[in-house]
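The values are calculated or read from the model by the stated rules, or taken from the named source; none is laboratory data. Note that the coordinates shown come from a computational prediction; the quantities given were computed from them, not determined experimentally. Heads up, the Cβs are rebuilt from the backbone with ideal geometry, glycines too, and the neighbour counts pull from every protein chain shown. Accessible surface is based on the protein model in full, side chains and every heavy atom, while ligands, DNA and RNA are left aside. Shrake-Rupley method; radii C 1.70, N 1.55, O 1.52, S 1.80 Å.
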Amino acid sequence: MTGIHPPGGSFTRRTLLRAGAGGLGLAALADLAACSNDSSGSSKSLKMLYFGEQAQATQLQNRLQPQISRLDPGMKFEISAINGTDWNDFLAKVLTQIAAGTPPDIISVATEGLQLMASKELAIPLDDYVTRDLDALKEYFADIHPALVESMMYQGHLWELPDSFNAGNMFYSTGLFQRAGVVPPTPDWTLDDFETAATRIARFQGINAFGWVVRLWGSWTSFMYANNANLLEEGKYDGGDWLWSKAYAGDAAAAGRKGGWKWGAPTANSEATVEALDYMIELTRKGLSPSPDVGGGGTLQGLFASNRIGMSIGGGFWAGGLTNAGMKNGSFDVTMFPRWKSQRHLFGAGGYAIFKSSKKKDLAWEVLKLLVKPDSFDLVFPGNVTTPGRKSLVTAARYAKTGPKHWSVFYDTLTEHPDTAPIPAPPYYNALATALNQRTTEAISSGKAKAALDGLQSDLEKAAGAG
Amino acid sequence: MAVVTAEVRNTVVKRHRHPAAHGEAPFGFAMIALSVLFVAVFTAIPIVASLGLSFFSWDVISTPEFVGLENYQRLLHDGPVLKSFGVTLGMAVAIVVLQLVLGLGLAVLVNQRRLIWVRTAFRTAFYLPLLASTAAVSIFMGYLFDYKFGVVNYYLGLLGIPNVPWLTSGFAAATTIVLIAVWQQVGFTFVLFVASLMSVPTDVLEAAQIDGAGPLRTLFRIKVPLISPTILFAAVVALINAMQLFDQPYIMTKGGPGSATTTVTISMYQKGFQNLQFGYGSAIAIVLLAAILVITGLQFLAARKLVFYR
């Protein structure tokens, strides 16, 4: 130790290190204290997480604030937007926020995240609240298709009140169909009709007959559903009678409904699933469809709006999306997804759940009821950016400005095709979505559906085991 | 002679005396305190925390469960993750080589310009992409190279060249990402090389000229050896950056098609933040850190023979 020491009494290196360590210790304690506080925020604010842009969230927050104030004067409603390319991005960010010690009171989440939330017990079952307020909610349930409610159930419990959904229908450009001399499709059209139309549209240079994106909802998965296949074994949880026997007594559409979808062993490399993905590869080979992008479909809507795509899978949200992208009413229309082995459609629903960590669960429940009221729908979703879950809201007046002409297809998908089912979103949805995206792009670029889906099967088996 | 020796010894002693002896220590410590705190909070502690977390199974929501070396054992048998190490290494080598070669080439060309404003203009032009947000650049490039409606394919189409699957075919996607990363990062090596080339003594260059050395011989026999410490520095920094490639492949291809552009950082993000396996994600991060340390160490070993210190 031959080093020269600083003059006595001055600031030593050791002192600095001690001070630094002390400071870090205090910072760590402060963090821990913050985590142990009321994790759902200050006592006079009710927090909600929402998938979208903050500007929209703030607008919605301001619109709903007067109604929240009537429920609890002085209560501040705060909506935080989280954006991402798709629901797996959204959920990853939500979970990170929870890990950071700032969970919300209410979360707006779609089918994609329901079982993940429920299985991790992040939310609470709404069974007791629904049972208590069933009289007040009878009008709501009478207006909501039971398929949507069942998609929000898990292990016999109801975890969310649904307010919206989107089924994978087929949008088409009326102008391109006319130019190609193709008769607009009827609701019972077949896959052969689809391909014939696509072949005629593909003759135009710079036009893609059919465009799609790689994701779980409304991707090649729609073809898979129409081919009576799935990525996972389908089943249903027992239970749910507490709701069906009371809220849907005598409703034929509720017959056979149970306690939510039970997604079993992976079936990603089954013959019919491989056949569906092979069909997509064939479409690409024949020049009827370009290589798809991964993501939520915003770009696809832009291409469709600029008349560069003849057909694409879309739900009610496409009406608003295409209008916002500059498409005029009448320049696009919608029909059912074409029949293959069946005309089974897939759908995803949206709704609201209460976080388990919320200290204001009763108030949050009142807000949930408010959010699913008919007059709240357009406050939350202005401009047809999704399909109303309430049938009474799916009207000619709603689509008078935006189109499409055959808007009734949106709800008819649920009523006329009772085999229509939610997308397979098990508790390990995020891992499933990541693997699906990766294996789909692999199949399209290599042209080998079976090999890619064997890989997906293995990925899903691992994810199911890890989950 | 003895007086001279004593003076030299005094000077050495003075030069080696600790600044604290002059009462400068508090000021010095205060000056570095913020940096030390910054590095501790945002680098050192997260590394230690990641190391700790890599021995646990943790999904953010449940209590972490100690699993020992299980995450590392799993990594050894995880084909896709191991492949991502290969993809990363391949892309990193391509990026570093291109960045060094292009950066040096451009620096030599610019250095030959005698007008100062021309040099300044080139330096600014090549450095500008580095200042742009990588995420913004990636989104923009994603549109440019889009198969269906990208500007690049549009102009190729005007020349009668069919659409190129820039981002939708495995090899093309990896190549496109490498080129974009090089385009954005080359300004860094370029600026370093320009400065370094300017410091090459003119008398050495003049002597070479008198001895009849041509431009290429001067470059490879005199300039490159003289700036080799800068080349080493640029190579180390470029490799460390390239091994952590994330934004470009994540935004433009999401790691696809298939796993053709899935880098280690994307694997880590997917396992940790998307699949909620934070312990496993941390183990991947630690192995990546170790890999970077080893490769950097190898670079320094090689430098003992290849780098010339003046």
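Scan region A:166-199 residue by residue and report those that are among the polar types (S, T, N, Q) and touching a helix residue (DSSP H, G or I) at 6+ places or on another chain (Cβ under 8 Å). First the steps, then the outcome.
First, the residues of region A:166-199 that are among the polar types (S, T, N, Q): A:166, A:169, A:173-174, A:178, A:186, A:190, A:196, A:199.
Across region A:166-199, the qualifying residues are A:Asn166, A:Asn169, A:Ser173.
Taking the numbered list (1) outside any helix (DSSP H, G or I); (2) out of contact with any Leu (no Cβ under 6 Å at 6 or more places or on another chain) in turn, B:Tyr143 passes all entries but (1).
Go through region B:223-271 and report how many residues are of a type in the set (Lys, Arg) and surrounded by fewer than 24 Cβ atoms within 10 Å (Cβ to Cβ). Before the answer, list the steps.
Initially, region B:223-271 is screened for residues of a type in the set (Lys, Arg), giving B:223, B:254, B:271.
In the following step, the residues that additionally are surrounded by fewer than 24 Cβ atoms within 10 Å (Cβ to Cβ) were identified as B:223, B:254.
Summing the residues that are of a type in the set (Lys, Arg) and surrounded by fewer than 24 Cβ atoms within 10 Å (Cβ to Cβ) in region B:223-271 gives 2.
Residues in region A:440-455 that are surrounded by 24 or more Cβ atoms within 10 Å (Cβ to Cβ) and either more than 7 Å from chain B (Cβ to nearest Cβ) or aliphatic (A, V, I, L, M) (or both): A:Thr440, A:Ala443, A:Ile444, A:Ala449, A:Ala452, A:Leu453.
The sole residue among A:Pro422, A:Pro374, A:Pro427 that is more than 30 Å from B:Ala260 (Cα to Cα), of a type outside the set (Lys, Arg), under 21 Å from the mean Cα position of the chain (by Cα) and surrounded by fewer than 22 Cβ atoms within 10 Å (Cβ to Cβ) is A:Pro374. Here B:Gln274 fulfils each of the conditions (1) free of Cβ contacts under 8 Å to residues at least 60 places away in the same chain; (2) open to solvent by less than 40 Å² (accessible area, probe 1.4 Å); (3) more than 14 Å from chain A (Cβ to nearest Cβ) apart from (3).
Return yes or no: is B:Val67 open to solvent by less than 60 Å² (accessible area, probe 1.4 Å), aliphatic (A, V, I, L, M), in contact with a strand residue (DSSP E or B) (Cβ under 6 Å, 6 or more places away or on another chain) and touching a residue at least 12 places away in the same chain (Cβ under 8 Å)?
Details: open to solvent by less than 60 Å² (accessible area, probe 1.4 Å): yes; aliphatic (A, V, I, L, M): yes; in contact with a strand residue (DSSP E or B) (Cβ under 6 Å, 6 or more places away or on another chain): yes; touching a residue at least 12 places away in the same chain (Cβ under 8 Å): yes.
It is true that B:Val67 is open to solvent by less than 60 Å² (accessible area, probe 1.4 Å), aliphatic (A, V, I, L, M), in contact with a strand residue (DSSP E or B) (Cβ under 6 Å, 6 or more places away or on another chain) and touching a residue at least 12 places away in the same chain (Cβ under 8 Å).
Give the number of residues within region A:387-412 that are part of a loop (DSSP other than H, G, I, E, B) and open to solvent by less than 10 Å² (accessible area, probe 1.4 Å). Outline the logic, then answer.
Within region A:387-412, the first condition is being part of a loop (DSSP other than H, G, I, E, B), and the residues that meet it are A:389, A:394-395, A:400-408.
When the remaining residues are screened for being open to solvent by less than 10 Å² (accessible area, probe 1.4 Å), the result is A:389, A:403-404.
Total meeting the criteria: 3.
Candidates are the residues of region A:181-197 that are more than 28 Å from the chain's Cα centre (by Cα) and in contact (Cβ under 8 Å) with a residue 40 or more places away in the chain; the one that is surrounded by the fewest Cβ atoms within 10 Å (Cβ to Cβ) is A:Pro184.
Pick out the one residue from A:Met117, A:Met75 that is open to solvent by less than 60 Å² (accessible area, probe 1.4 Å), within 14 Å of chain B (Cβ to nearest Cβ) and modelled with pLDDT of 90 or more.
None of the other options fit; the residue is A:Met117.
A:Thr434 satisfies every condition listed in (1) under 16 Å from the mean Cα position of the chain (by Cα); (2) open to solvent by less than 10 Å² (accessible area, probe 1.4 Å) except (2).
Go through region A:78-114 and count every residue that is free of Cβ contacts under 8 Å to residues at least 12 places away in the same chain and more than 14 Å from chain B (Cβ to nearest Cβ).
Number of matching residues: 0.
The set of residues in region A:251-291 that are among the charged types (D, E, K, R) and not in a strand (DSSP E or B) comprises A:Asp251, A:Arg257, A:Lys258, A:Glu271, A:Glu275, A:Asp278, A:Glu282, A:Arg285, A:Lys286.
Specify which of the listed residues (B:Val81, B:Val87, B:Val118, B:Val93) is in a helix (DSSP H, G or I) and open to solvent by 60 Å² or more (accessible area, probe 1.4 Å).
B:Val93
When region A:136-180 is filtered for residues that are farther than 27 Å from A:Leu122 by Cβ, buried (at least 22 other Cβ atoms within 10 Å of the Cβ) and polar (S, T, N, Q), the ones remaining, listed by number, are A:Asn169, A:Ser173. Per the listing A:Ser270, A:Ser291, A:Ser306, A:Ser312, the residue uniquely in contact with a Leu (Cβ under 8 Å, 6 or more places away or on another chain) and either within 13 Å of another protein chain (Cβ to nearest Cβ) or more than 22 Å from B:Asp146 (Cα to Cα) (or both) is A:Ser312. Residues in region A:413-423 include none that are part of a loop (DSSP other than H, G, I, E, B) and within 14 Å of chain B (Cβ to nearest Cβ). For first residues located in region B:159-176 and more than 15 Å from A:Thr440 (Cβ to Cβ) and free of Cβ contacts under 8 Å to residues at least 40 places away in the same chain, partners that are in a loop (DSSP other than H, G, I, E, B) and of a type in the set (Asp, Glu) and lie 6+ apart or on another chain with Cβ distances below 9 Å form the pairs B:Trp166/B:Asp146.
Is it the case that region A:287-307 has a residue that's within 18 Å of A:Val385 (Cβ to Cβ), at pLDDT 95 or above, open to solvent by less than 40 Å² (accessible area, probe 1.4 Å) and not aliphatic (A, V, I, L, M)? Talk me through it step by step, then tell me what you get.
Residues of region A:287-307 that are within 18 Å of A:Val385 (Cβ to Cβ), as a first pass: A:295-302, A:304-305.
Narrowing further to those that are at pLDDT 95 or above: none.
Scanning region A:287-307, I find no residue that is within 18 Å of A:Val385 (Cβ to Cβ), at pLDDT 95 or above, open to solvent by less than 40 Å² (accessible area, probe 1.4 Å) and not aliphatic (A, V, I, L, M), so the answer is no.
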